[in-house]
1. Which FRET efficiency, nearest 0.05, do Val12 and Thr68 yield, Cβ-Cβ r, R0 35 Å?
2. Mind checking the full-extension length gain between Ile49 and Leu31? Use 0.36 nm per residue of separation minus the Cα-Cα distance, one decimal, nm.
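No value in this document is a laboratory result; all are computed from the given coordinates. Keep in mind that what you see is a predicted model, and the values were worked out from it rather than measured. With ideal geometry, Cβ positions are generated from the backbone for all residues, glycine too; neighbour counts draw on all protein chains shown.
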Amino acid sequence: MSLARQLAERIVAIRYEELPPDANYWCRVALLDTLGVMLAGSAEEAPAIVEEVLGLQSGDGPCLVFGTDRRVRPLDAALVNGRSRPLAPNASPAAISAGTCRR
């Protein structure tokens, strides 16, 4: 079994109720920090350039482009939203580049 597979299985096996309170707290801090930085960065030029180059149209998919009301395909949202994140120089290293998708 590959290392990636073993890691994935361990991650999937984690249950929220089993995590220590400190882990829950710091996970929330990291998530909120990352989302805040991505929202701030969504107003920068880089995400707009990525959207323009890809020729994205709203309604192409289920995933939100941060800072907008546009929804695009998952990989497109990940790319655009990911470009929002690195533009903030003092942000924490906990980063999520995935789009927020409807099911």
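1. That gives a FRET efficiency of 0.65.
2. Difference between extended and current length: 4.0 nm.
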